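Colleague: Okay, handing you the structure first.
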Amino acid sequence: MTAPLYIITGAMAAGKSTIAKALVQRFDKSAHVGGDAFLRMIAKGGAVMGPVLDSEAIVQLHLRQDIAMDAVRRFVAAGFTTVYQDILIGADFVRVTKALADLAPRIVVLNPSVETLAQRDADRHKTGYGEHFPPNVLADALRSETPREGLWLDSSAMSVDGVVERILEAW
């Protein structure tokens, strides 16, 4: 039996990193793979990631996802319960979940309200939303373009521990 793989996705400021960090603490042998880490490794020539992606941004996004999936596979093969968190919406969600289907991923989609996304973004040190990229862009895409697979949680009024408990109860 292979080690469990959890995929946590949602819009920016949905709480993916926070939940992933809390979830990995619940296991004796675990690894957290955050997709953003691979994007930050690009020192020069990084494409702008925003509401509309040009062809270079798409290439870099897929590179980031491919490197993350390679890391996920290595951690799972080494017996680590692995939590992979990234913004996976629409075709990217399908692409990644299909590529990792042999690992029977436990998919978690954090789906808080647009108001919650805006407030969480405003409350954190890094902001991703702005006048030309409001939170409803990703939230609407998540809801309309992403297959209803896995556990979808409106985490707007849930605590971190409450979300983690709900995830653990589901599996």
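The values are calculated or read from the model by the stated rules, or taken from the named source; none is laboratory data. Everything quoted here is computed from the prediction, not taken from an experiment. Here the Cβ is made from the backbone with ideal geometry for all residues, glycine too, and neighbour counts use every protein chain on show.
Colleague: When segment 1-16 is examined, which residues are found to be under 19 Å from VAL94 (Cβ atoms) and part of a loop (DSSP other than H, G, I, E, B)? Even if it seems obvious, please write down each step before you answer.
Modeller: Here is the first cut: in segment 1-16, the ones under 19 Å from VAL94 (Cβ atoms) are 5-11, 14, 16.
Those that are under 19 Å from VAL94 (Cβ atoms) and part of a loop (DSSP other than H, G, I, E, B): ALA11, ALA14.
Colleague: Only residues that are part of a loop (DSSP other than H, G, I, E, B) and out of contact with any strand residue (DSSP E or B) (no Cβ under 8 Å at 6 or more places or on another chain): list them for segment 62-115, please.
Modeller: Taking segment 62-115 first, the residues part of a loop (DSSP other than H, G, I, E, B) are 78-80, 86-90, 100, 104-105, 111-113.
Within segment 62-115, ALA78, GLY79, GLY90, SER113 meet the criteria.
Colleague: What are the residue pairs meeting all of these: first residue in segment 121-141, first residue of a type in the set (Phe, Trp, Tyr), second residue surrounded by fewer than 13 Cβ atoms within 10 Å (Cβ to Cβ), Cβ atoms under 7 Å, and 6 or more apart or on different chains?
Modeller: Filtered contacts from segment 121-141: PHE133/PRO51.
Colleague: Any residue that is among the small types (Gly, Ala, Ser) and touching a Lys or Arg at 6+ places or on another chain (Cβ under 7 Å) - is there at least one of those in segment 91-107? Give the derivation first.
Modeller: Here is the first cut: in segment 91-107, the residues among the small types (Gly, Ala, Ser) are 91, 99, 101, 104.
Next, only the ones that are touching a Lys or Arg at 6+ places or on another chain (Cβ under 7 Å) stay: none.
No, there is no match, as no residue in segment 91-107 is among the small types (Gly, Ala, Ser) and touching a Lys or Arg at 6+ places or on another chain (Cβ under 7 Å).
Colleague: Within the set of pairs 6 or more residues apart or between chains, which connect a residue that is touching a residue at least 60 places away in the same chain (Cβ under 8 Å) inside segment 147-171 to a residue that is polar (S, T, N, Q) and buried (at least 17 other Cβ atoms within 10 Å of the Cβ) with Cβ atoms less than 7 Å apart?
Modeller: Close Cβ pairs satisfying both conditions: VAL160/THR18; VAL163/SER155.
Colleague: Right, next: For segment 155-170, does any single residue satisfy the condition of being surrounded by fewer than 17 Cβ atoms within 10 Å (Cβ to Cβ), under 26 Å from VAL48 (Cβ atoms) and not charged (D, E, K, R)?
Modeller: So in segment 155-170, the residues surrounded by fewer than 17 Cβ atoms within 10 Å (Cβ to Cβ) come out as 157, 159-162, 165-166, 168-170.
With under 26 Å from VAL48 (Cβ atoms) added as a condition, the list becomes none.
Looking through segment 155-170, none of the residues is surrounded by fewer than 17 Cβ atoms within 10 Å (Cβ to Cβ), under 26 Å from VAL48 (Cβ atoms) and not charged (D, E, K, R).
Colleague: A further question follows. Looking only at segment 47-75, how many residues end up being among the small types (Gly, Ala, Ser), modelled with pLDDT of 95 or more and either within 16 Å of LEU138 (Cα to Cα) or touching a helix residue (DSSP H, G or I) at 6+ places or on another chain (Cβ under 6 Å) (or both)? Spell out the reasoning first.
Modeller: Going residue by residue through segment 47-75, those that are among the small types (Gly, Ala, Ser) are 47, 50, 55, 57, 68, 71.
Add one more test, that the residue is modelled with pLDDT of 95 or more, and what stays is 68, 71.
Filter again for either within 16 Å of LEU138 (Cα to Cα) or touching a helix residue (DSSP H, G or I) at 6+ places or on another chain (Cβ under 6 Å) (or both), leaving 68.
Qualifying residue count, segment 47-75: 1.
Colleague: Surrounded by fewer than 18 Cβ atoms within 10 Å (Cβ to Cβ), in contact with a helix residue (DSSP H, G or I) (Cβ under 9 Å, 6 or more places away or on another chain) and touching a residue at least 12 places away in the same chain (Cβ under 8 Å): is that true of GLY79 in this structure?
Modeller: Details: surrounded by fewer than 18 Cβ atoms within 10 Å (Cβ to Cβ): yes; in contact with a helix residue (DSSP H, G or I) (Cβ under 9 Å, 6 or more places away or on another chain): no; touching a residue at least 12 places away in the same chain (Cβ under 8 Å): yes.
Taking the combined requirement at face value, the residue does not satisfy it.
Colleague: Out of all the residues in segment 100-115, is one or more loosely packed, with under 13 Cβ neighbours inside 10 Å and more than 26 Å from GLU165 (Cα to Cα)?
Modeller: No, every residue in segment 100-115 fails to be loosely packed, with under 13 Cβ neighbours inside 10 Å and more than 26 Å from GLU165 (Cα to Cα).
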